[in-house]
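Peer 1: Encoded as structure tokens, here's the structure I'll be asking about.
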Amino acid sequence: MSSAAATSERGTATDVIETDIPGRLDRLPWSRFHWLVVIGLGTVWILDGLEVTIVGSIASRLTEKGSGIELSTGSIGTAAAVYVAGACIGALFFGQLTDRLGRKKLFIITLGVYLLATFATAFAWTAWYFFLCRFVTGAGIGGEYAAINSAIDELIPARVRGRVDLIINGSYWVGSAAGAAAALFFLSSVFPKDIGWRITFALGAVLALTIMLVRRNVPESPRWLFIHGREEEAERIVRDIEQGVEEDGEQLDEVDDTIKVRQRESIPFRTIGRTAIKLYPKRTVLGIALFVGQAFLYNGLTFNLGTLFTTFYGVSSSFVPVFIIVFAIGNFMGPLLLGRLFDTVGRIPMISLSYLGSAAVAVVMALLFANQSLSSPWAFEAFIFATFFLASAGASAAYLTVSEIFPMETRALAIAFFYAIGTGLGGIVGPILFGQMIGTNDRTWVMVAFLIGAGVMSLGGIAELFLGVKAEQTQLEDIAKPLTAEEAEEGGEPGEEKPEESDVRRRAREEQEARERRWRERTERRSARERVGRRRYRPGPATGGSFYSPGMLGTSLRSRQPSQGILDREIDAIARVLEDEDGPLRREEIARRVGARRWGPGRFREALDAASIEERIRRLSRTTYAPA
């Protein structure tokens, strides 16, 4: 449904619509459409991993005579810093355009910028030209971050958003492994010194072109469309997605969860700034802490990993990519294996564990490295693997966090802002510091660099413990209400007389009030259970009852509670199955008939318990239920 009221000039601040599109997107089972989103958009991280790792892998070759460019060791760190600076500026520039012009338009443009710049890098002959190409390449990748992460989170169902986002962000290391493998081949004796490294950059452009062909089929975010006055297009896109799901044999339930928004063509920059600083001050601090922490350690080590092995372990430049491949595998395994826990155990415990755990391992590694206890490069690599197995999950969750905890109208620029600030502080200083410390050939100074990185990383974990937001399995509009929804809820234009309430409207209002009472009682029961005994210390999904969050000033104690609306539908499905059977069923059979495997972790158990407490069904034993 998508109906408009109080309309005037198209896209002005007087257009108010009520839509169920967010609820319909979040109730979709995993389908071919979601694979299209993952492949078409998520591959940006593979490109970034390819770019960063290629430079790290070929760093030693670029400093050799006969390479065709002959950079100094210090210039490698400078090139890394220039790339990161370009990414920060590109994120801010393209990020605000993404919120104004749409997700799709920008994720096509930014991929084109990357494609052209990385292809031009293959023809570098001197330092200044190499730096320029790296800057523009970084600008394209930075713009991709804002456009892609906002689009992915708006298209992926809430129940699996955490794990999908983490795995997509973790795919950076698939690109890293591919870049290292490519460098291993192209830096071999098969190719001349001044040719092999150039081919690796050209391959990045070829991969980008392939992704461009897939990405053309990914639609614009319906959430962005209905807020910007294009609700008919949003409705058409969602209907097409639903039709594809139903053609695959899935049956979709009706959605009664709606949201009212006041449409606007654009949101002023001052409104975005006020949102971050005034409404969400603690969330702003959290975003900066998470990004600075991961950017310092990651960029510092990744850009200099090759020179670290060659300087202190005598590893040849042609063999360095082997270590980088192992390093990349550890980084990808972290989000892949831990990603599900971010949706089940919860965001706060898992993010803090990832940050603090990786910092602790890094401290031990730094001390052993300084006293030469890690005499073998493979022993050093084992500690690198363990450190970044945890750090990778935390770093991926940083992008997930800032994408979730701010309103939809500011989502892309919020990602860009925190990426630019965090990466500017940590991502530029880190590579330069590590590069200079490695250049001293003194293990003690390298230990200092690792300890600083661990300290900054631990600050991110501490910030998550105190300022983190429980966003697991929760609809985006329930984590941070859209600015345009708040405007719509304020009512009509000043001086406008409100029409007399009709019988239909009164019944609808009474039904809504009854639902809210039921939801409030349900939330209070769960909160009461979690305040006693060991449940107080159990991490996991938030109760989802109120829209209020510490540090989120100016918010209301009431919310639309879309998560409760979804729970109502799940309870109805369980009750219908038992009524149709007209007899007892085991819980496994109930789960099979309602298709609970598509609901998300823990959802069936919660719906079953709620249905029993609210007397929609009868519990005969621990595993058997009957109609009410």
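The values are calculated or read from the model by the stated rules, or taken from the named source; none is laboratory data. Computed from a predicted model, the values in this text were never measured in an experiment. When we count neighbours, we look across all protein chains shown, and the Cβ atoms used for this are built from the backbone with ideal geometry, even at glycine. Surface areas here come from the heavy atoms of the whole protein model, side chains and all, with no ligands, DNA or RNA. Shrake-Rupley method; radii C 1.70, N 1.55, O 1.52, S 1.80 Å.
Peer 1: Check the stretch 374-384 and report whether any residue there is crowded, with 21+ Cβ neighbours inside 10 Å and among the small types (Gly, Ala, Ser).
Peer 2: no
Residues checked against (1) open to solvent by less than 10 Å² (accessible area, probe 1.4 Å); (2) more than 23 Å from Glu233 (Cβ to Cβ):
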residue	(1), (2)
Val84	yes, yes
Ala91	yes, yes
Arg100	no, no
Thr121	yes, yes
Leu132	no, yes
Ala139	no, yes
Ala146	yes, no
Ile156	yes, no
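Per-residue answers, yes or no, for (1) open to solvent by less than 30 Å² (accessible area, probe 1.4 Å); (2) modelled with pLDDT of 85 or more; (3) within 24 Å of Pro157 (Cα to Cα); (4) touching a His at 6+ places or on another chain (Cβ under 6 Å):
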position	(1), (2), (3), (4)
Gln561	yes, no, yes, no
Gln564	yes, no, yes, no
Glu570	yes, no, yes, no
Asp580	no, no, no, no
Pro584	no, yes, no, no
Glu589	no, yes, no, no
Gly595	yes, no, yes, no
Arg598	no, no, yes, no
Pro601	yes, no, yes, no
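Peer 1: Out of Arg239, Arg223, Arg230, Arg215, report the one residue that is charged (D, E, K, R), under 18 Å from Lys105 (Cα atoms) and open to solvent by 10 Å² or more (accessible area, probe 1.4 Å). Lay out the reasoning, then the answer.
Peer 2: Numbers: Arg239 fails: under 18 Å from Lys105 (Cα atoms); Arg223 fails: open to solvent by 10 Å² or more (accessible area, probe 1.4 Å); Arg215 fails: open to solvent by 10 Å² or more (accessible area, probe 1.4 Å).
Result: Arg230 is the single residue among Arg239, Arg223, Arg230, Arg215 that is charged (D, E, K, R), under 18 Å from Lys105 (Cα atoms) and open to solvent by 10 Å² or more (accessible area, probe 1.4 Å).
Peer 1: Step by step: first the residues of the stretch 335-367, then only those that are within 18 Å of Phe296 (Cβ to Cβ) and not aliphatic (A, V, I, L, M), then the one that is surrounded by the fewest Cβ atoms within 10 Å (Cβ to Cβ). Which residue is that?
Peer 2: Within the stretch 335-367, the subset within 18 Å of Phe296 (Cβ to Cβ) is 351-352, 354-363, 365-366.
From what is left, the residues that are not aliphatic (A, V, I, L, M) are 352, 354-355, 357-358.
Values: Ser352: 22, Ser354: 31, Tyr355: 32, Gly357: 20, Ser358: 30.
The qualifying residue surrounded by the fewest Cβ atoms within 10 Å (Cβ to Cβ) is Gly357.
Peer 1: Would you check which residues across the stretch 440-468 are touching a residue at least 12 places away in the same chain (Cβ under 8 Å), open to solvent by 50 Å² or more (accessible area, probe 1.4 Å) and farther than 11 Å from Ala366 by Cβ and list them?
Peer 2: Residues satisfying the conditions are Asn441, Leu459, Ile462, Leu465.
Peer 1: Please verify whether Thr73 is open to solvent by 10 Å² or more (accessible area, probe 1.4 Å), farther than 15 Å from Ala124 by Cα and modelled with pLDDT under 70, treating the condition exactly as stated. First the steps, then the outcome.
Peer 2: Numbers: open to solvent by 10 Å² or more (accessible area, probe 1.4 Å): yes; farther than 15 Å from Ala124 by Cα: yes; modelled with pLDDT under 70: yes.
Judged against the criteria, Thr73 is a match.
Peer 1: Before we move on, is Gly244 touching a strand residue (DSSP E or B) at 6+ places or on another chain (Cβ under 6 Å) and surrounded by 14 or more Cβ atoms within 10 Å (Cβ to Cβ)? Give the derivation first.
Peer 2: Details: touching a strand residue (DSSP E or B) at 6+ places or on another chain (Cβ under 6 Å): no; surrounded by 14 or more Cβ atoms within 10 Å (Cβ to Cβ): yes.
Against the criterion (touching a strand residue (DSSP E or B) at 6+ places or on another chain (Cβ under 6 Å) and surrounded by 14 or more Cβ atoms within 10 Å (Cβ to Cβ)), Gly244 does not qualify.
Per-residue answers, yes or no, for (1) of a type outside the set (Asp, Glu); (2) at pLDDT below 85; (3) under 24 Å from Trp35 (Cα atoms):
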| position | (1), (2), (3) |
| --- | --- |
| Phe135 | yes, no, no |
| Ile141 | yes, yes, yes |
| Ala147 | yes, yes, yes |
| Asp153 | no, yes, yes |
| Val164 | yes, no, yes |
| Ser171 | yes, yes, yes |
| Gly175 | yes, yes, yes |
| Ala180 | yes, yes, no |
| Ser188 | yes, yes, no |
